[in-house]
1. Give me the extension gain from residue 203 to residue 326: residue separation times 0.36 nm, minus the current Cα-Cα distance, reported in nm with one decimal.
2. Multiplying the sequence separation of residue 105 and residue 342 by 0.36 nm and subtracting their Cα-Cα distance, what value in nm do you get?
3. Taking amide H positions as placed in the peptide plane 1.01 Å from N, state which residues far from residue 409 in sequence (5 or more) or on other chains have amide H under 5 Å from it.
4. In nm, give the distance between the simple-model label positions of residue 630 and residue 430, each being 7 Å from the Cα along the Cα-to-Cβ direction.
5. Helix-only mean residue ellipticity at 222 nm, the chain, DSSP H runs n ≥ 4 weighted -39,500 (n - 2.57), per residue, nearest 500. What is it?
6. Between residue 410 and residue 244, what is the spin-label point distance in nm, taking each point 7 Å from the Cα along the Cα→C-beta axis?
7. Suppose the chain between residue 374 and residue 492 were pulled fully straight at 0.36 nm per residue; how much longer would it get relative to their current alpha carbon spacing?
8. Please list, in order along segment 72-84, the HN-Hα scalar couplings obtained from phi with the Karplus expression 6.51 cos²θ - 1.76 cosθ + 1.60 (θ = phi - 60°), rounded to whole Hz, x for Gly and Pro.
Amino acid sequence: MLLHKKSTSYRGKSLHLKYRSDIDGLRGIAVLLVVLFHCGIEQFSGGYIGVDIFFVISGYLITGIVLGEIDNDRFSISKFYLRRIKRLLPAYFAMLLVVSSFAFVLFTPEDLSNYALSAISSTLYFSNVYFWRTTDYFSLSAEFQPLLHTWSLSIEEQFYVLTPIFALMVTRLRRSSLVVLLSFALFSSLVTCYLVFSRSELASFYLLHTRAWELLFGAVIAVLPRVKFGHGIIVESIRGLALLAILIPAVTLQKGGISPSVYAFFPCLGTSVIIYLGFSNKSLVSGLLGSAILVGLGLISYSLYLWHWPVLALWRYVLGTVELDAISILACISVSVFVSWLSWKWVENPFRRGKIGSANPKTLFIAATAASLVAILPLSASWLNDGFPERFSAETSVFVQASALGNPRRDECFGRSIAESLCTFGASTKAPTVLIWGDSHADAAFPGFGVAAKKSGVAGVFAGSTGCPPLPHVQARRGCEEYNDEVLKYIASNPSIESVVLIARWPLRNEPESLKGEVNLPGLLRSSHYQVSADTAVRGNGLNKGYIEASLDDLIGDLSIKNIDVHVIYGLPEYKFDVPRRLFMEKRLGFQVPSPLIKSDVDLIFEEIEGVMGDLADRHPSIRLYNLSSMICAYECEIERDGFSLYRDGNHLSEFGSVSLLGPVFEDIFVRQQ
């Protein structure tokens, strides 16, 4: 569709955009921040705001290009989309082909099936919606998904679809009216972002209508009247402050911080100011942004954005860990930059400016459609065939299954409210005499005590909820204190209970620094019931062993008065890598798994909680303590036994591990009751 009617909106004031090296420099900063953040470099914990910079730049360029062409009677929707196809698809399909090949070789059936869905969604440019429904961007599992980064590309593509339609609807508006309209849309999207965030953080992060205000920042800048600014101290200071509005959040915001929000507002504002003031004469900031290194990064920024995340995700997948050492980070960055340069030179440029890109438009549209179908068909087959499990031998598949085999009754029992009645296990004809109580580590232990209870003829009940250790009157997360109060009421109303077994991930609650590789560590333990002095606080996030000790002390004392035995299980060695995935890769690729933890390492991790348990045992001689590290670690700690993984991730027991390791522990507990 080519517009021939003369527009009256910008007479003599064309929005034609000239090349600006400072914008490529901004792109260079944006992609550099994103790469350093994704590498896990702590000094750039807020580097994810690089995406916000990209959004502002895209909003500015696309709006300026479309309205400028309309103003000069040169706009064609088909040509606009053809340019987008030549700009985006060739490099994307090259990346998708390579990454899909690696995924087919490396990924477990479940992971390949999930990858296929993400690849289909990214090819059709709705991966932001797919990941909104399936993935927390800042979660541990997100680090292993090679196409997670395409969520932002989907948002931009959705913006590209809507912008020409909007532009054609407002061709007769005066510039001042268009500025007001776009500013109102920006404000509305920003308010929507805040409102949605209060209900769903993921929706506010992933969806177009909550991100549109960032793109609209650039759109507003594109239609504002051009003003010539000099080199005065005030103007230079504003430019410097705008650059700081980008750089300071990049090094001060924390991973998992609230974004998009007021924190993303300032980088977007800073980017917009730099772009707008850059219309005039050269400045110190423009000179910095126009440096060869930043411009070079800016030129390859699209390819670098496309490639860096798959390189990191695949390497993390092979290692089974999120945390990368300096050598791995340097290697991943080097590979990413090199491959990105190849992509820019041999894929991007030939399609954008070479003979390939000058082919008949109809031919290019057909080729783009065919390429999409060629990509989607095998990906659909991978999904429909459950990730082709026949790719692996039976010996290797054992470790694949370990990741999926935890508590087979998890959906039925874990997180179940007391009002729904607790899950029972063991002898079905007897009143329950044992209560198992804890968090997800208690859930992982379920298969072990289920088998032991049947063998011993004991009946029991299970009470467990995500992230809720058995600490009455302490709030580990929202709802935990209330849940634990309900468990106490259950015990009081069921006199048949003779033993209570407490299981939790104690070191995470007490000593988070020992688990530094974790993502999304919980916040402070809180309690209005206990007053804990400052000298009991531990380092790290300030999680307080005083609350743990005070709560357990009262709990054990109250249960002892009721003649109920208390058993505490702790000390499971934890790893900063996914154990079954690492074992799977060892079998698949033939490399040696690094040495597991040794007992002295584990003792150091559990030193604080061991002290708490020792103090409790001194005050309550009747409690029984079971330190799993003494059972699993002689010198080195076991991670597999008889060809099976003891773990289903880095810190939870697999079904096999629960039965083989905890089965004897529970048999000992149950025997003491008889």
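The values are calculated or read from the model by the stated rules, or taken from the named source; none is laboratory data. Please read all numbers here as calculations on a predicted model, not as lab measurements. So basically every Cβ, Gly included, is an ideal-geometry build from the backbone, and we count neighbours across all protein chains shown. Only protein heavy atoms, including side chains, enter the accessible area calculation; ligands, DNA and RNA are left aside. Shrake-Rupley method; radii C 1.70, N 1.55, O 1.52, S 1.80 Å.
1. Values: separation 123, 0.36 × 123 = 44.28 nm, distance 3.39 nm.
That pair, residue 203 and residue 326, stretches by 40.9 nm at full extension.
2. Here the segment from residue 105 to residue 342 would lengthen by 83.0 nm.
3. Close amide H contacts, sequence-distant or interchain: none at all.
4. The modelled label-to-label distance comes out at 2.7 nm.
5. Mean residue ellipticity, 222 nm, calculated: -18500 deg cm²/dmol.
6. The answer from the label model is 4.9 nm.
7. So the chain would gain 36.1 nm between residue 374 and residue 492.
8. 9, 6, 10, 7, 9, 4, 5, 5, 4, 5, 5, 5, 5
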